[in-house]
Amino acid sequence: MVALVALLVCMGLIAVILHGPLARMFRSRQELEGLERKLDQERETTRALEERKNLALSEEYVEWEARKMGYVKPGEIPLIVVDEEGGENAVDGTSLTAPTP
């Protein structure tokens with residue numbers, strides 16, 4: 001009987017002593033998982049920004065932006081057609097849609 005009580009007291013002491021470190025370990029694991037999710041999101045954002053940067057540095061995109069601003073290549077003659085509503089449309093044989101990556 002005394003041995004059983006002593007065993008229970010020892011188990012209780014061990015539980016009390018280990019409670020703090022175990023709780024910290026579980027909180028640390030949860031925090032680590034949250035940080036890993038955030039890192040994955042940041043990697044995805046970085047990848048998307050790299051794609052945008054590469055597109056913005058491409059010759060097709062630079063040409064598209066220049067044509068949007070009304071620039072033409074040497075030797076081209078710019079034509080601007082004004083529709084009934086007063087809107088302008090470039091007529092130089094180019095498409096005014098953005099290039100795709």
Total residues in segment 1-16, condition part of a helix (DSSP H, G or I) and exposed (fewer than 10 other Cβ atoms within 10 Å of the Cβ)
5
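Mind counting the residues in segment 57-85 that are hydrophobic (A, V, I, L, M, F, W, C) and surrounded by 11 or more Cβ atoms within 10 Å (Cβ to Cβ)?
Of all residues in segment 57-85, those hydrophobic (A, V, I, L, M, F, W, C) come to 57, 62, 64, 66, 69, 72, 77, 79-82.
Keeping just the survivors that are surrounded by 11 or more Cβ atoms within 10 Å (Cβ to Cβ) gives 62, 64, 66, 72, 79.
The qualifying residues number 5.
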Pull out all pairs, ordered by first then second residue, where Cβ-Cβ is under 7 Å, the residues are six or more apart or on different chains, the first lies in segment 58-87 and is among the acidic types (Asp, Glu), and the second is not in a helix (DSSP H, G or I).
Glu60/Pro99; Glu76/Asp92; Asp83/Asn89
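Taken together, the values in this text are just the output of simple stated rules run on the coordinates, not laboratory data. Since this is a predicted model, take the numbers as computed values, not measurements. A quick note on method: Cβ atoms are made from the backbone with ideal geometry, for glycine too, and the neighbour counts reach across all protein chains shown.
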